[in-house]
1. Can you work out which of the residues in region 87-115 that are over 11 Å from GLU68 (Cα atoms) and of a type in the set (Val, Ile, Thr) is surrounded by the fewest Cβ atoms within 10 Å (Cβ to Cβ)?
2. Within region 61-115, can you find the residues that are farther than 16 Å from PHE4 by Cα and acidic (Asp, Glu)?
3. Quick check on region 57-77: of everything there that is within 16 Å of TYR95 (Cβ to Cβ) and charged (D, E, K, R), which residue is surrounded by the most Cβ atoms within 10 Å (Cβ to Cβ)?
4. Of the conditions (1) in contact with a helix residue (DSSP H, G or I) (Cβ under 7 Å, 6 or more places away or on another chain); (2) under 19 Å from THR9 (Cβ atoms); (3) not aliphatic (A, V, I, L, M), THR34 satisfies every one except a single condition; which number is it?
5. Looking only at region 68-115, count every residue that is assigned to a loop (DSSP other than H, G, I, E, B) and either among the hydrophobic types (A, V, I, L, M, F, W, C) or over 22 Å from the mean Cα position of the chain (by Cα) (or both) and tell me the total.
6. Looking at region 43-67, which of its residues are among the aliphatic types (A, V, I, L, M) and within 21 Å of the chain's Cα centre (by Cα)?
7. What are the pairs, 6+ residues apart or on separate chains, where a residue within region 97-115 that is of a type in the set (Phe, Trp, Tyr) has its Cβ under 8 Å from a residue that is surrounded by 16 or more Cβ atoms within 10 Å (Cβ to Cβ) and assigned to a helix (DSSP H, G or I)?
8. Of all residues in region 37-56, which are loosely packed, with under 13 Cβ neighbours inside 10 Å and closer than 17 Å to ILE13 by Cβ?
Amino acid sequence: MDMFISALTSEGIPALLLRLAITASGQKGGARLTKALSSLGPGGMIGGLITLGVIQAASFVITEETIEWVYTCAIHQMLKDGVSQDEVISRINSYKISSGLRERLRNEAMTYAAN
């Protein structure tokens with residue numbers, strides 16, 4: 001689920017940016033897309049496409065890190081509120097997330113509970 005959200009977000013942000021550039025171009029027809037792409041980055045349309053690709057990659061990484069941070073903060077709060085470590089790990093196991101993230105969150109819960 002976390003990979004799906006990251007992929008969805010990384011596609012949506014550049015699409016929204018391109019849509020805004022198309023709207024702001026003030027042109028009609030195919031010239032709208034040409035003007036929008038050339039205004040997004042250096043080097044004309046190719047530069048605009050490269051800029052959108054870089055924005056897509058950056059938004060994927062940012063979303064991926066943000067999802068893990070949100071889960072980690074939620075785990076810390078549950079442990080502060082007195083939820084047992086076993087219950088927290090049980091909740092982590094029920095989350096629809098990748099196995100790698102699940103393992104990192106379990107380790108975080110065990111480490112935080114030990115302190």
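Read-outs throughout are calculated quantities, based only on the coordinates presented, and are distinct from any laboratory measurement. Treat the numbers as computed from the prediction; the structure is a model and nothing was measured. In this analysis, Cβ positions are derived from the backbone assuming ideal geometry, glycine residues included, and neighbour counts consider all displayed protein chains.
1. THR111
2. Within region 61-115, ASP81, ASP86, GLU87, GLU103, GLU108 meet the criteria.
3. The residue in question is GLU64.
4. For THR34, the failing item is (2).
5. Residues flagged as assigned to a loop (DSSP other than H, G, I, E, B) and either among the hydrophobic types (A, V, I, L, M, F, W, C) or over 22 Å from the mean Cα position of the chain (by Cα) (or both) within region 68-115 amount to 6.
6. First pass over region 43-67, keeping only residues among the aliphatic types (A, V, I, L, M): 45-46, 49-50, 52, 54-55, 57-58, 61-62, 67.
Answer for region 43-67, where residues must be among the aliphatic types (A, V, I, L, M) and within 21 Å of the chain's Cα centre (by Cα): LEU49, ILE50, LEU52, VAL54, ILE55, ALA57, ALA58, VAL61, ILE62, ILE67.
7. Pairs that qualify, where the first residue is of a type in the set (Phe, Trp, Tyr) and the partner is surrounded by 16 or more Cβ atoms within 10 Å (Cβ to Cβ) and assigned to a helix (DSSP H, G or I), are TYR112/ILE75; TYR112/LEU79.
8. GLY53, VAL54
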